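Report on one structure; see the data block that follows.
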Amino acid sequence: MEKKPTEAEALFNLEEIRRHAMTSMNRGAVTGDYPLDVEKACQLLNEALATEILCVLRYRHHAVIAKGINAPYVAEEFKEHAANEDEHVWALAVRIDQLGGNPDFNPDTIKTRTATEYGAATDLTDMIREDLVAERTVIEVYRQMIAWFGHNDPTTRRLLEKILADEEEHANELADLLVVSSRKTLN
């Protein structure tokens, strides 16, 4: 009596998959069926990494130099956002490594790869505006990156979707802070 193939065996050739896995072990998580251009994927993620590094620096700078009656509250928000952006830095770096790329932390090239600007604001309201513009910029960039990765790389897509959700939350909080900071005092 001939053995009937299991559902999995009918869907894919397990022996062939194992053979491919054995012959390409040095590629880590990137298997032969990865449908995207790995180099382009890592380039996009390194651009996101540079953007997140710059955001960490900008938020930390703003937290330190914030002045005015609303400064303690706003500076605390800046610190929280910096910590959150730092989590994004590490998550992106790990994903780049998983794809076989080299996470680029080079300070000499961060400015050329980032989607945002560092800024020059010293006034609290202007700092909030700079950060809000940066958040709104990365929201659009991440949406486009999510579309590019799409169903072809669900792991990276989910990572970017999580980061996007954080950036949308930051933008909402900054928009609220802008209203409060535009007033002379807290009510």
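The values are calculated or read from the model by the stated rules, or taken from the named source; none is laboratory data. Computed from a prediction, not measured in an experiment: that's the story for all the values here. Cβ atoms come from the backbone with ideal geometry, glycine included; neighbour counts cover every protein chain shown. Just the protein is used for accessible areas: all its heavy atoms, side chains included, with ligands, DNA and RNA removed. Shrake-Rupley method; radii C 1.70, N 1.55, O 1.52, S 1.80 Å.
Quick rundown of the values:
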| read-out | value |
| --- | --- |
| Thr23-Gln98 FRET efficiency (beta carbon distance; Förster radius 22 Å; 0.05 resolution) | 0.70 |
| Over the chain: helical MRE at 222 nm, DSSP H runs n ≥ 4 each giving -39500 (n - 2.57), nearest 500 | -24500 deg cm²/dmol |
| Estimated distance in nm for a label pair at Ala165 and Val180, the labels positioned 7 Å out from Cα along Cα-to-Cβ | 2.4 |
| Value of relative contact order over the chain, rounded to a whole percent, pairs C-alpha under 8 Å and six or more apart | 25 |
| Lys, Arg +1 and Asp, Glu -1 on Cβ, resulting dipole of segment 1-158 about Cα centre, debye, nearest 20 | 200 |
| FRET efficiency, 1/(1 + (r/R0)^6) with R0 41 Å, evaluated for Lys3 and Glu76 via beta carbons | 0.05 |
| R0 of 35 Å, Cβ-Cβ distance Val64-Tyr34: FRET efficiency to nearest 0.05 | 0.25 |
| Of all accessible heavy-atom area on segment 28-187, the percent that carbon and sulfur account for (1.4 Å) | 53 |
| Column: log10 I(q)/I(0), Debye, Cα scatterers of the chain, q = 0.13 Å⁻¹ | -0.72 |
| For segment 58-107: accessible area per residue (Å², 1.4 Å) | 51 |
| Lysine pair number, Cα distance threshold 23 Å (strictly under), the chain, separation 8 or more or different chains | 7 |
| Charge-dipole axis of the chain as Lys and Arg at +1 and Asp and Glu at -1 on Cβ define it, positive-most pick from Phe105, Ala115, Leu36 | Phe105 |
